[in-house]
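Here's the structure, in structure tokens; my notes come after.
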Amino acid sequence: MTDHKVSLVGPQTIIGRSLVIHRYEDDLGRGGYRSSRITGHAGSRLGCCIIERQKTEFIYARCYMYSDTGEPDQDVEGVISLKQSVHGGPTEIVVDLDGFDPDDDDFYHAFHVHERGRLGRRCLNAGGHFNPEGRRHGAPWHADRHVGDLGNIRENEKGEVKMTIIDRRVSLVGANSVIEKSMVVHAREDDMGLGGFPDSKSTGHAGPRLACCIIEESSEAG
Ligand SMILES: [Cu+2]
Ligand SMILES: [Zn+2]
């Protein structure tokens with residue numbers, strides 16, 4: 001049924017009130033009984049319950065990215081917003097960054113979850129890629145990848161990155177939870193382990209770290 005008066009918000013919210021099923025039909029006030037105009041002459045109460053707000057369906061996290069290069073022409077900052085069902089499944093990662101240098105030749109920037117929730121020393125304190133399953137570095141779509149391997153983000157002509165990543169390995173719950181880990185944006189493109197450089201299989205040859213942040217659980221979106 002649909003009702004236009006019953007509300008879950010505002011001063012007339014029914015949250016915290018109860019629902020009751022009665023023995024008899026509600027005569028809608030027209031039965032002619034003394035109680036018709038008060039209760040619909042519905043008789044005794046067969047069952048009841050309290051209306052409660054459903055527990056949050058999603059878990060949210062935020063990462064406030066700050067530049068840590070010491071170079072003002074690559075002053076990358078912004079926010080990464082993560083969202084996942086409390087039951088697991090894919091994690092939505094909304095990237096909103098600016099401050100990339102649009103005049104250099106690096107349009108793609110490696111983007112990873114790193115294993116330690118620590119910043120400083122040009123983001124080196126964040127440690128290596130988050131790799132709880134002991135795998136090799138790879139692309140987000142490879143079976144053999146670090147959990148933290150999110151591939152590359154691409155800056156636009158204004159030096160901004162606005163994109164949404166859906167990833168099935170990064171999680172906000174369970175063993176692959178990235179809460180209290182860090183996120184790092186690199187100066188160069190992630191070669192997904194295929195570049196043939198000595199560090200391709202470990203870091204994707206992604207170069208220095210431009211900016212980083214710690215992933216913190218947040219109460220809600222927005
Ligand atoms: Cu990285
Ligand atoms: Zn990796």
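Read-outs throughout are calculated quantities, based only on the coordinates presented, and are distinct from any laboratory measurement. The structure presented is a predicted model; accordingly, all values stated were derived computationally and were not measured. Cβ atoms come from the backbone with ideal geometry, glycine included; neighbour counts cover every protein chain shown.
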Rg and Dmax in Å for region 74-146, alpha carbons only: what are they? 14.6, 43
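With Cβ to Cβ distances under 15 Å as the rule, what net charge do the other residues near ASN125 carry (K, R +1; D, E -1)? Could you put the intermediate results ahead of the total?
Working: positive: ARG116, ARG118, ARG121, ARG122, LYS181, ARG209; negative: ASP68, GLU115, GLU180.
So the surrounding residues net to +3.
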Here the net charge surrounding HIS109, from other residues whose Cβ is less than 9 Å away from its Cβ (Lys, Arg +1; Asp, Glu -1), is -2
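State, to one decimal in nm², a quarter of the convex hull surface area for the C-alpha atoms of region 169-212, i.e. the direction-averaged projected area. Provide the component values of the computation, followed by the final result.
On the way: hull surface 14.8 nm².
Projected over every direction and averaged, the Cα hull of region 169-212 covers 3.7 nm².
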In Å and whole numbers, how far do the C-alpha atoms of region 1-53 stretch along each principal axis, longest first? 36, 22, 20
Which distance in Å, rounded to a whole number, links the C-alpha centroids of region 189-222 and region 1-24? 50
For HIS142, HIS114, what ranking results if the residue with the fewest other Cβ atoms within 10 Å of its Cβ goes first? HIS142, HIS114
Before anything else, pin down the relative contact order of region 58-139: Cα pairs under 8 Å, at least 6 apart, normalised by residue count, whole percent. 22
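For ASP103, ASP96, ASP73, what ranking results if the residue with the fewest other Cβ atoms within 10 Å of its Cβ goes first? Please list the in-between numbers first.
Details: ASP103 7, ASP96 14, ASP73 11.
Ordered from fewest to most neighbouring Cβ atoms within 10 Å, ASP103, ASP96, ASP73 come out as ASP103, ASP73, ASP96.
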For each of ILE215, ILE51, ILE165, count neighbouring Cβ atoms within 10 Å of the residue's Cβ, then give the residues from fewest to most. ILE51, ILE165, ILE215
Spit out the partnerless Cys residues in the chain, using Cβ distances under 4.7 Å as the pairing rule. CYS48, CYS49
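Kirkwood Rh over alpha-carbon pairs of the chain, then Stokes-Einstein at 4 °C and 1.567 mPa s: what D in µm² s⁻¹, rounded to an integer?
Details: Rh = 20.5 Å.
For the chosen part, D equals 63 µm²/s.
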Treating only the Cα positions of region 22-141 as identical point scatterers, give the base-10 log of I(q)/I(0) from the Debye formula at each q in 0.09, 0.11, 0.13, 0.20 Å⁻¹. -0.51, -0.59, -0.73, -1.23
Would you kindly calculate the translational diffusion coefficient of region 92-190, applying Stokes-Einstein with the Kirkwood radius from alpha carbon pairs, for 25 °C and a viscosity of 0.890 mPa s, and quote it in µm² s⁻¹ without decimals? 176
